[in-house]
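Notes follow once the structure below has been shown.
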Amino acid sequence: MATTPGLERTETSAPTPRSHHARLNRQQAGAGWLFVLPMVVVLGIFLFLPVVMAAWVSVADWTGRGAPWGSNVSFVGGTNYAQVLGGQGLAGRDFGTSIRNNLYYVILVVPLQTALSLTLAFLVNKRALKGKGFYRTAFYFPSVTSSVAITVLWLFLFSASGAINAFLGLFAITGPNWFQDPRGIIHLILGGGDGPAALQQPVLFGISTWEWLAGPSVAMCAFILMAIFTTSGTFMLLFLAALQAIGEETEEAAMVDGANAWQRFRYVPLPMLRPTVFTVLTLGTIGTWQVFDQIYTGTRGGPAKTTLTPAYLSYDAAFVSQDWGRGAAIAFVLFGIIVIFTIIQRLVLGTGGIDRTTRRELRSARLIAQASIQAKGGGDVQA
Amino acid sequence: MSRPDTARHAGERHGVGHASVYIVLTALALVYIFPFLIQVANSFKTDEEATNAGLALWSANWTTAAYKTLFANSDFGLWTMNSLIVTVLVTTGRVFFVSLAGYSLARLRFPGRQGVYLMLVAVMSVPGVVLLIPKFLVIKSLGIYDSYPGMILPLLVDAAGVFIMKNFFESIPVAVEEAARIDGAGTFRTFWSIVLPMSRPALMTIIILSFQGSWNELNHFIVSTQSPALTTLTKGVASLASGQLSAGNQFPIKLAAAALMTIPVAIIFFVFQKRIMNASGGAVKE
């Protein structure tokens with residue numbers, strides 16, 4: 001009989017008549033379905049069904065007129081995908097450029113936000129620290145503001161004569177005109193120019209080796225700083241929850257044994273923080289591949305397409321260029337990229353199945369971190 | 001002999017470490033706070049002064065011109081109304097639906113429960129931006145494009161919220177519910193008058209996250225509406241940012257708009273600071 005945890009325990013412990021059981025079970029089954037019904041309907045209609053429809057659009061030639069399954073819409077196989085992935089023409093090159101841009105964004109933002117949030121968590125976790133609340137508040141506040149508001153602020157701070165350049169000016173540094181500057185920073189370090197002729201041939205997605213090696217543009221760097229600024233607080237809280245779960249005791253024990261600060265950090269909590277580091281890296285990667293709001297609000301892909309991201313390109317292809325098949329294909333390719341990156345991360349870090357072992361508090365903290373990144377409006381981060 | 005020695009050394013290092021920790025923390029805190037101070041300060045400057053002396057927190061000629069222009073020349077009031085309507089309805093609906101579903105998955109046995117759970121996990125793994133085009137397609141075919149239902153209905157449930165509530169319900173002892181059920185209370189009554197009142201901490205977490213989430217939402221409104229009458233703050237301010245009030249860079253106006261739209265989430269944040277800062281958000285029964 002019912003041995004699963006939950007209400008059935010009533011039935012095994014309380015000596016009630018059998019018919020009563022059956023009635024209770026039926027009642028519970030009915031209530032169970034009734035309770036999940038709104039969720040199933042909403043998620044089914046607005047998440048599951050849309051994905052199926054978009055999958056169809058991505059292999060069809062719908063132009064945005066009439067219903068996508070109307071008689072004038074026909075199956076075109078992998079044409080849209082070929083157009084995106086083939087590297088031919090503007091569509092192919094734009095996709096390649098967007099992948100290049102977003103890849104640098106991911107590679108820089110993810111490690112930096114993880115390192116910074118871990119550092120912040122360690123700094124504000126000390127029990128004896130005075131003004132703990134103030135510091136935590138200061139670091140977390142950017143995480144609750146919308147990405148639209150932060151982007152507006154960023155456009156101002158990083159304008160040609162803006163606060164950042166004024167600050168750099170105090171040290172006699174002439175800052176760039178950030179959001180107007182398409183130069184890649186690796187190109188800048190290498191001294192600019194067109195690069196060796198050998199690197200000019202398109203190698204992947206219609207982009208040449210030299211272009212792949214451009215690095216993030218100066219404009220993209222401003223977005224990279226913004227991402228770090230706005231997410232470090234959320235991840236700091238997640239690390240704090242983990243640190244509190246581990247307890248300060250272990251660290252204090254190590255201190256009495258005469259371990260120095262680095263050893264204390266390196267050998268005691270870090271191995272125990274592994275599952276949380278894994279979570280932050282995963283959430284970070286999934287989130288950074290979906291940059292949209294900032295680009296929509298701030299640059300619309302410019303200057304010279306150096307802040308174009310696949311998410312924005314997908315929107316632009318569909319809603320602006322009315323090329324719905326291509327837009328949907330880009331979205332699915334992006335989905336694939338995110339899945340591949342998550343799998344690679346899982347293989348490299350080898351922390352599968354952490355959900356089973358982590359404590360309930362940490363599981364909640366992770367869900368909340370996930371939800372609050374979503375709540376910024378900066379693309380849903382879901383893992 | 002060597003024992004107290006090491007202890008003292010450790011103590012000294014600790015002291016020095018402390019001072020440097022405060023210096024580092026304070027410097028970092030300044031970096032995090034300063035942008036917001038600059039934002040507010042510059043929203044009260046003239047266009048010219050903001051452009052040329054953006055770093056200064058002080059101005060000799062404070063002016064509220066930016067705020068006046070914002071309200072006179074844009075639909076800022078309308079945007080705020082729309083954001084408010086959507087946020088209140090979404091938050092109310094979400095709290096109810098998410099806790100119902102969470103309770104069902106945590107406590108009730110019903111055929112197909114495992115299937116529902118798996119669907120939820122699958123749904124959570126779909127990245128949000130992938131859904132931009134798909135959501136538009138469905139909203140359009142349901143005939144709710146460019147309407148409040150189209151803006152609100154798709155946001156009524158979020159999978160993370162269901163998991164947060166499920167997690168919470170699993171952490172509260174089942175004994176109370178058992179007692180109520182033996183007394184003959186129905187499932188809904190048990191849920192409504194016994195379980196929910198015990199769940200205030202988790203419900204608050206959901207309210208905060210839903211409020212913040214729907215207030216800050218942008219991309220869903222981009223794909224579900226086009227009429228100016230349904231523009232929300234995020235969409236409206238984003239259009240300001242790309243220069244729809246034209247003439248000059250208009251930094252003070254944009255900063256004023258961004259500052260104003262931050263106020264509601266800032267209030268929520270400061271009121272519920274203690275709860276938010278406790279990372280597990282009280283979402284687990286202690």
- [ ] With runs of 4+ DSSP H residues as the only contributors, calculate the mean residue ellipticity of the protein assembly as shown at 222 nm using -39,500 (n - 2.57) per run, divided by the residue total and rounded to the nearest 500.
- [x] -21000 deg cm²/dmol
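Report the far tail of the P(r) of region B:86-215, meaning the percent of Cα-Cα pairs longer than 23 Å. Could you put the intermediate results ahead of the total?
On the way: 3400 of 8385 pairs.
Of all Cα-Cα distances in region B:86-215, 41 percent exceed 23 Å.
To the nearest 20 debye, what charge dipole does region B:9-126 have about its Cα centre, counting +1 at the Cβ of each Lys and Arg and -1 at the Cβ of each Asp and Glu?
On the way: 7 positive and 5 negative charges, 172 e Å.
Here the size comes out at about 820 debye.
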Task: In order through region B:165-180: 3J(HN,Hα) via Karplus (6.51 cos²θ - 1.76 cosθ + 1.60), integer Hz, x for Gly, Pro - done: 5, 4, 4, 5, 4, 5, 8, 9, x, 7, 4, 4, 5, 4, 4, 4
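So, counting K/R as plus one and D/E as minus one, what does the shell of residues with Cβ under 14 Å around A:Ile45 add up to?
Working: positive: B:Lys135, B:Lys140; negative: none.
The answer is +2.
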Task: Two-decimal Rg/Rh across the protein assembly as shown, once Rg and the Kirkwood Rh are taken from alpha-carbon atoms - done: 0.99
Open item on the list: Placing +1 on the Cβ of each Lys and Arg and -1 on the Cβ of each Asp and Glu in the protein assembly as shown, which of B:Ala266, B:Ala101, B:Ala50 has its Cα farthest towards the positive end of the resulting dipole?
Closed with: B:Ala101
- [ ] Work out the charge dipole of the protein assembly as shown with +1 on the Cβ of Lys and Arg and -1 on the Cβ of Asp and Glu about the Cα centre, then indicate which of A:Ala31, A:Val320, A:Phe167 is farthest towards its positive end.
- [x] A:Ala31
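Based on the alpha-carbon gyration tensor of chain B, what equivalent-ellipsoid semi-axes (square roots of 5 times the eigenvalues) come out, in whole Å, largest first?
40, 35, 16
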TODO: Quantify how strongly other chains surround peptide A:287-299 by giving the mean number of their Cβ atoms within 10 Å of each of its Cβ atoms.
DONE: 4
- [ ] Please list, in chain and number order, the residues 5+ apart from A:Ser208 or on another chain whose amide H is under 5 Å from its amide H, with Hs placed from the backbone.
- [x] A:Val203
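Averaged over A:232-243, how many beta carbons belonging to a partner chain fall within 10 Å of each residue's beta carbon? Write out the running numbers ahead of the final one.
Details: counts 2, 1, 1, 0, 1, 6, 2, 1, 4, 4, 1, 1.
Per-residue shielding by partner chains comes out at 2.
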Task: Convex hull per residue volume in Å³, alpha carbons only, for region B:53-124 - done: 191 Å³
- [ ] Hey, could you grab the Kirkwood Rh for region A:80-374? Inverse mean 1/r over distinct alpha carbon pairs, Å, one decimal.
- [x] 21.0 Å
- [ ] List the residues whose amide H sits under 5 Å from the amide H of A:Gly215, counting only those 5 or more places along or on another chain, with H placed 1.01 Å from N in the peptide plane.
- [x] A:Ile186
Open item on the list: Whole-Hz ³J(HN,Hα) for each residue in region B:130-142, computed from phi via Karplus 6.51 cos²θ - 1.76 cosθ + 1.60 with θ = phi - 60°, x for glycine and proline: what do you get?
Closed with: 5, 8, 4, 5, x, 5, 4, 4, 5, 4, 5, 6, 7
Open item on the list: Using the Kirkwood radius over C-alpha pairs as Rh, can you work out the diffusion coefficient of region A:92-198 via Stokes-Einstein at 4 °C, viscosity 1.567 mPa s, in µm² per second?
Closed with: 74 µm²/s
Open item on the list: Apply the Karplus curve 6.51 cos²θ - 1.76 cosθ + 1.60, θ = phi - 60°, to the phi angles in region B:76-84 and return the couplings in whole Hz, x for Gly and Pro.
Closed with: 3, x, 5, 4, 4, 4, 4, 4, 5
Task: chain B: most fluctuating residue of B:Met204, B:Met81, B:Met119 per GNM, C-alpha cutoff 10 Å - done: B:Met119
Task: Computed magnitude of the charge dipole of region A:80-374 (debye, nearest 20; Cβ of K, R +1, Cβ of D, E -1) - done: 560 debye
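Read the figures in this text as sums done on the coordinates, not as results from a lab. Note that the structure is predicted; figures quoted are calculated from it, not measured. Using ideal geometry, Cβ is built from the backbone for each residue, glycine included, and neighbour counts are taken over all protein chains shown.
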